[in-house]
Amino acid sequence: MATADQLVQFVVSGLTTGSIYALIALGFCIIHNATGIVNFTQVDFVSLGGLMMYTFFISLGLPLALAFILAVAAVTLAGALVERLAIRPARSRAIIILIFITIGVSILMRGAFKIIWGKNQMALPYFSSESPLIVFGAAVLPQSLWILFITVAVVVVLHFFFNRTRLGKAMRATSFNARAAALMGVNVNRMILLSFALSGALGAVAGIIIVPITTLSYEIGVMLGLKGFAAAVLGGYGNSVGAIVGGLLLGVLESVGAGTVSSTYKDVIAFAILLAVLFVKPSGLLGYGDKERV
Amino acid sequence: MPQAGQKDKSLFGLAALAAAIAAFPVLVPNPYYLNVANIIGLNTIIVVGLNLLIGYAGQISLGHAAFYGLGAYISGILTVTYNVPPWPALVIAACLTGVTALLIGIPTLRLQGHYLVMATLGFNLIVNIVIIQWDSVTGGPSGFPGIPSLSIGPWALDSDKKMYYLIWAAVFISIILALNLVRSRVGRGLRALHSSEIAASCQGVRTEWYKVKIFVLSAIYASVAGSLYASYLSFVSPKTFDIFCSVELVTMVIVGGMGNIWGVLFGTAFLTSLPNLLHAFDEYKDVFYGLILVVILIFLPQGVGGAIRDQWQARRAGKRPATTVDESKEESGQPLPPKPAIACGGAADLPATSTSTNTILRVDGITMRFGGLLALAQVSFDLPEGAVTALIGPNGSGKTTMINIISGIYRPQEGRISFENRAITGFRSYKIAKMGLTRTFQNVQIFEHMTVLENVTVGMHAGTRGEFCASMLHLPNITREEKEIEQQAWEALAFFNLEDRAHWPASGLSFGQQKRLEMARALVSHPKLVLLDEPVAGLNMSESREMARLIAKLRARGISVLIVEHDMNLVMGISDLVVVLNYGRKIAEGSPREVQRNEEVLSAYLGRVA
């Protein structure tokens with residue numbers, strides 16, 4: 001049985017990875033609200049964030065903060081390009097077609113990453129010191145604190161953006177009713193473009209801050225991204241508060257489960273939780289089921 | 001008859017396929033291509049099953065590689081570790097996989113929406129991780145070797161060529177079974193629920209079960225392919241059954257054209273051989289694969305098969321594309337010639353008995369709340385048999401809610417509904433429809449992707465029986481039943497003046513015709529009671545008059561009618577009894593004349609001026 005100290009340790013590391021899942025889940029959520037689709041390139045936004053960081057920080061030797069900003073900007077642009085080049089020209093607005101377009105783009109992107117950055121594992125250093133701090137008897141990496149801090153900052157900025165700015169409100173209006181928003185003068189296509197850019201930025205941040213803890217490869221985002229998807233479902237797909245709660249909860253459950261039950265089946269735990277949620281409360285913890293009107 | 005035409009076409013297709021299958025190994029003896037052909041065949045079996053799920057029932061699974069893997073691994077482990085002979089192992093694997101699919105399908109498919117995608121995605125990841133980690137049983141990441149080959153009698157199927165014939169025979173059978181299913185009552189039920197689950201269920205289609213059954217069937221297809229794969233290669237490894245494989249399988253369906261069995265065959269062959277074709281591009285292989293996929297999906301969303309079919313149909317129908325409407329042929333401007341009385345109701349020989357004192361439907365103390373909103377409060381009324389009863393009231397008075405409760409879409413918090421003296425409160429729509437109570441919808445709910453005739457045949461679902469197995473095997477009773485269904489459908493079309501539109505896509509009809517189509521669909525199964533929710537809303541004057549005539553004809557055939565309508569001319573002209581609701585309460589009931597004089601009705605609804 002795990003001791004109390006160990007349990008604290010598991011919770012802290014769970015919150016760390018959970019923050020990553022939350023950021024990725026938010027990305028899934030924003031695009032879902034704008035378009036109704038599941039965007040599988042979210043997974044590759046995470047990888048691309050880490051890879052771009054590697055290029056700017058290691059290969060080009062730029063300062064950390066600048067490399068961070070440039071990497072996020074690059075993936076934001078990539079997100080916008082995905083919308084502009086693959087989603088907008090689509091001849092069909094059927095959800096399933098759009099979803100599989102994103103799957104096609106995801107295959108394409110991963111293929112391109114493999115060519116550009118190679119198949120080898122890479123590493124990024126921690127943002128600051130490597131020596132862990134002791135908090136309540138648990139060893140906490142400074143990078144974990146960076147992750148928690150940056151996640152909180154991102155969530156605060158997003159909250160401000162969606163509730164206080166004209167553009168954010170227009171995006172929300174579009175997600176509630178695109179046609180009505182269009183009639184009120186909102187450029188719906190631009191909102192969709194923006195949602196892809198924003199999701200790109202979120203994925204990039206997640207990728208950049210987690211990679212010093214894990215390793216970096218062209219497909220690092222796949223497993224993280226799928227768990228972010230599971231987190232989004234757990235919280236209630238499309239619900240942004242749910243995405244954050246789902247992400248943190250999934251991270252903690254996974255970490256505690258891996259520590260107390262089985263670390264070999266760590267990845268199984270996350271997806272078993274996903275299945276359990278779908279079987280018991282498919283609308284997620286904070287979601288509400290939608291009823292068809294007759 | 002379209003059915004016959006379709007049959008000829010697919011017989012031709014099957015013959016061509018059989019010839020191609022037989023000729024391929026002779027023309028291309030190269031074992032490498034034979035191996036590719038075998039993998040294409042195995043994928044085709046999975047994809048034909050998956051196409052039933054995606055193209056007909058409209059449900060997406062990202063877990064079919066896991067079912068493929070379950071088939072392969074269960075077969076492998078049973079034969080090697082437990083010395084079970086290969087054929088029984090294949091059957092056991094198929095059963096276990098089917099049960100697994102059942103367990104996933106029941107909780108996720110009872111709901112509308114795309115929960116199956118998420119559940120199957122999680123399931124596939126779990127299965128894959130378990131196969132990799134549980135190495136004492138599965139051999140772990142390095143795979144599971146030494147699986148014996150299948151044999152038929154004394155002949156061991158131990159070469160590419162021998163397996164080729166077995167695999168493609170299996171493909172052939174799986175296509176025939178799928179074609180039979182698609183053309184049956186079950187297939188139409190699936191397509192109907194894809195368009196509108198509520199409407200399908202109100203025609204007697206047990207939608208959740210149909211979705212579960214087709215999901216299980218498609219999982220069994222995948223499992224059988226997996227067992228064949230295991231004994232063909234004698235070795236299985238987890239990589240073959242990961243989530244990317246599932247994605248590829250769905251992609252084959254979409255690229256081929258959802259719901260198009262021949263297109264899907266092409267999609268599978270194309271995408272299975274594409275990595276081999278792209279071999280020359282080496283490291284750029286994935287980029288090209290992704291690019292080709294994206295380009296096809298952007299420009300040919302109906303899939304390659306769908307695009308070819310559309311072209312072909314457009315050419316056959318002259319220059320007019322299949323989905324546009326030729327308004328000039330619209331005859332609703334002129335009065336329609338009286339149609340000969342064709343037995344639409346089974347009770348055609350019954351006298352019109354509006355004075356009958358029997359009660360066909362009793363609504364007793366129904367209360368319905370939506371959150372804090374009280375939509376209906378203690379509403380009770382009786383519908384006399386063989387009469388036209390109107391339910392009227394201002395907007396928001398709870399009329400449509402009442403119809404939804406009677407037809408089983410909503411479950412009331414209080415009260416009872418009994419139909420022919422049997423309590424039906426809380427029954428599901430399909431069950432109510434099967435008892436002889438059907439309906440139409442306020443916002444027309446036709447099955448847009450089906451033809452007019454097909455829409456009406458779905459209406460026969462309630463009165464007929466053919467289920468999955470019988471339909472797939474096309475047993476003689478199915479043939480008989482299909483004949484009956486088609487005959488009834490044509491009669492209903494004639495009754496509602498839609499005969500000449502029979503082969504049109506239902507989405508191409510004018511609004512008035514769509515309303516008549518809904519009525520034809522609701523009445524083809526000879527119901528005892530039909531609920532009409534605003535049958536003339538949105539219709540022009542002559543269309544309304546035509547509708548009134550049709551309703552009067554139903555009454556003359558002894559069919560009881562409950563009508564919700566705002567058009568007072570229609571209501572007062574055709575009703576025997578009028579029930580008035582206001583703010584969820586019944587405020588009056590009586591003959592049209594009585595209701596028109598009722599003070600409360602006048603002030604609440606019709607206004608003082610009247």
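No value in this document is a laboratory result; all are computed from the given coordinates. Since we're looking at a predicted model, the values are computed, not measured. We place every Cβ from the backbone using ideal geometry, glycine too, and count neighbours over all the protein chains shown.
Remarks
- Net +/- balance of residues flanking B:Val595 in space, Cβ distance below 12 Å, scoring K and R +1, D and E -1: -2
- Pairwise centroid distance, computed over Cα atoms, of segment B:215-285 with segment B:8-64, Å: 10 Å
- Rounded to 10°, Cα long-axis angle of helix B:115-133 versus longest principal axis of chain B: 20 degrees
- Residues A:Ser47, B:Ser544, sorted so that the one with the fewest Cβ neighbours within 10 Å comes first: B:Ser544, A:Ser47
- Whole-angstrom gap from segment A:85-105 to segment B:401-443, using each part's C-alpha centre: 40 Å
- Cα-based helix-to-principal-axis angle, B:243-256 vs chain B, degrees rounded to 10: 60 degrees
- For peptides B:249-260, B:269-280, B:192-203, sequence by mean Cβ density within 10 Å, most packed first: B:249-260, B:192-203, B:269-280
- Shielding by other protein chains, A:107-120, mean Cβ within 10 Å: 4
- Cα-based equivalent ellipsoid of segment A:10-70: semi-axis lengths in Å, sorted from largest, via gyration tensor: 25, 18, 9
- Between the C-alpha center of segment B:355-376 and that of segment A:220-280 there is a gap of 45 Å.
- Partner chain coverage, peptide A:84-97 - average Cβ within 10 angstrom: 4
- Gain in span if fully extended, B:Leu96 to B:Ser273, counting 0.36 nm per residue against the direct Cα distance: 60.7 nm
- Exposure proxy order (Cβ contacts within 10 Å, fewest to most) of A:Thr260, B:Thr400, B:Thr464: A:Thr260, B:Thr464, B:Thr400
- Förster radius 35 Å - calculated FRET efficiency between A:Arg91 and B:Asn443 (Cβ-Cβ, nearest 0.05): 0.85
- Pairwise label distance in nanometres, A:Ser131 with B:Phe24, each label 7 Å out on the Cα-Cβ vector: 6.7 nm
- Rough spin-label spacing in nm, given labels placed 7 Å along Cα→Cβ, for B:Ser542 and A:Ala65: 7.8 nm
- Using 0.36 nm per residue and subtracting the Cα-Cα separation, the extra length available between B:Lys239 and B:Phe12 on full extension is 77.9 nm.
- Karplus-derived 3J(HN,Hα), 6.51/-1.76/1.60, for each residue of segment B:150-159, Hz, glycine and proline x: 6, 9, 10, x, x, 8, 7, 8, 10, 10
- Pair B:Leu111, A:Arg190: separation of 7 Å Cα→Cβ label points (nm): 3.6 nm
- Taking every C-alpha pair closer than 8 Å and separated by at least 6 residues, the mean separation divided by the residue count of segment B:359-606 gives a relative contact order of 27 percent.
- Charging the Cβ of each Asp and Glu at -1 and of each Lys and Arg at +1, and nothing else, the dipole of the protein assembly as shown about its Cα centre rounds to 1000 debye.
- Prolate/oblate/rounded call for segment B:14-243, Cα gyration tensor, a/c under 1.5 rounded: oblate
- Antiparallel %, DSSP beta bridges [both residues in segment B:359-606], to 5: 55 percent
- The loop-placed chymotrypsin sites (Phe, Trp or Tyr not before Pro) in segment A:105-187, going by DSSP, that have at most 14 neighbouring Cβ atoms within 10 Å of their Cβ come out as A:Tyr126, A:Phe136.
- Within 10 Å of the Cβ of each residue in B:119-130, the mean number of Cβ atoms contributed by other protein chains is 6.
- Cleavage-rule hits, trypsin sites (Lys or Arg not before Pro), segment A:92-126, DSSP coil, Cβ neighbours within 10 Å at most 11: A:Lys119
- As computed over the protein assembly as shown, the Cα convex hull volume per residue (Å³): 197 Å³
- Taking A:Ala86, A:Ala94, A:Ala67 in turn, the Gaussian network model of chain A (Cα-Cα springs below 10 Å) assigns the largest fluctuation to A:Ala94.
- For chain B, the longest principal axis of the alpha carbon atoms and the long axis of helix B:541-556 meet at an angle near 90°.
- Proxy reagent accessibility, fewest Cβ within 10 Å first, across B:Met572, B:Met402: B:Met572, B:Met402
- Note on the protein assembly as shown: helix-only mean residue ellipticity at 222 nm, from DSSP H runs of 4+ residues weighted -39500 (n - 2.57) and normalised by residue number, equals -19500 deg cm²/dmol.
- Estimated from the Cβ-Cβ distance and a Förster radius of 35 angstrom, the FRET efficiency linking B:Val295 and B:Ala494 is about 0.15.
- Rounded, prolate or oblate (a/c below 1.5 giving rounded, otherwise prolate when a/b exceeds b/c) for segment A:1-126 by Cα gyration tensor: oblate
- B:Lys483/B:Phe370 FRET efficiency (R0 35 Å; Cβ-Cβ; nearest 0.05): 0.20
- Counting DSSP beta bridges with both ends in the protein assembly as shown, the antiparallel % (nearest 5): 65 percent
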